[in-house]
Amino acid sequence: QVQLVESGGGLVQAGGSLRLSCVASGNTFDIYAMAWFRRAPGEEREFVARKSWEWTDGSTHYADSVKGRFTISRDGNKNTWYLQMNSLKPEDTAQYFCKAEVPQWLSPDGEVWGQGTLVAVSS
């Protein structure tokens, strides 16, 4: 089974930067895409970014709210995925989750979620 462990969250001042990491263990060969979501206090979960295993810009997508500020990337072995967050704003404060997309024989929903990491941006 694929498991995800996140790190990198914390408190940062507005305008600062953070890099979130999502380390995958198990058979990472089965991961064909990775996405980041976030849930702000009192709001529903929203999409942030997604990148497939294909190394093309066309396979990378961002929410309009983070486009130009956030960057999703991965290492060559698909073991570690990153969300580089620059020019952070207070409205970026949220619990951030990474999600691996996998075959359904690994997960009935075709998804494996990380535990989430808190990002708090102060004014």
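The values are calculated or read from the model by the stated rules, or taken from the named source; none is laboratory data. A quick note: this is a predicted structure, and the numbers were derived from the prediction, not measured. Note that each Cβ is placed from the backbone with ideal geometry, even for glycine, and that neighbours are counted across all protein chains shown. Calculation scope for accessible area: heavy atoms of the full protein, side chains included, ligands and nucleic acids excluded. Shrake-Rupley method; radii C 1.70, N 1.55, O 1.52, S 1.80 Å.
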Members of segment 8-62 that are surrounded by 14 or more Cβ atoms within 10 Å (Cβ to Cβ) and among the polar types (S, T, N, Q): Ser21, Thr28, Ser52, Thr60
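Within segment 80-123, which residues are of a type in the set (Lys, Arg) and more than 17 Å from Glu44 (Cα to Cα)?
Selection gives Lys89 alone.
Residue-wise test of (1) surrounded by fewer than 18 Cβ atoms within 10 Å (Cβ to Cβ); (2) free of Cβ contacts under 8 Å to residues at least 40 places away in the same chain; (3) among the β-branched types (Val, Ile, Thr); (4) more than 12 Å from Leu18 (Cβ to Cβ).
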position: Asp75; (1), (2), (3), (4): yes, yes, no, yes
position: Thr80; (1), (2), (3), (4): yes, no, yes, yes
position: Pro108; (1), (2), (3), (4): yes, yes, no, yes
position: Thr117; (1), (2), (3), (4): no, no, yes, no
All but one of (1) touching a residue at least 60 places away in the same chain (Cβ under 8 Å); (2) outside any strand (DSSP E or B); (3) open to solvent by less than 20 Å² (accessible area, probe 1.4 Å) hold for Pro103; state the number of the condition that does not hold. (3)
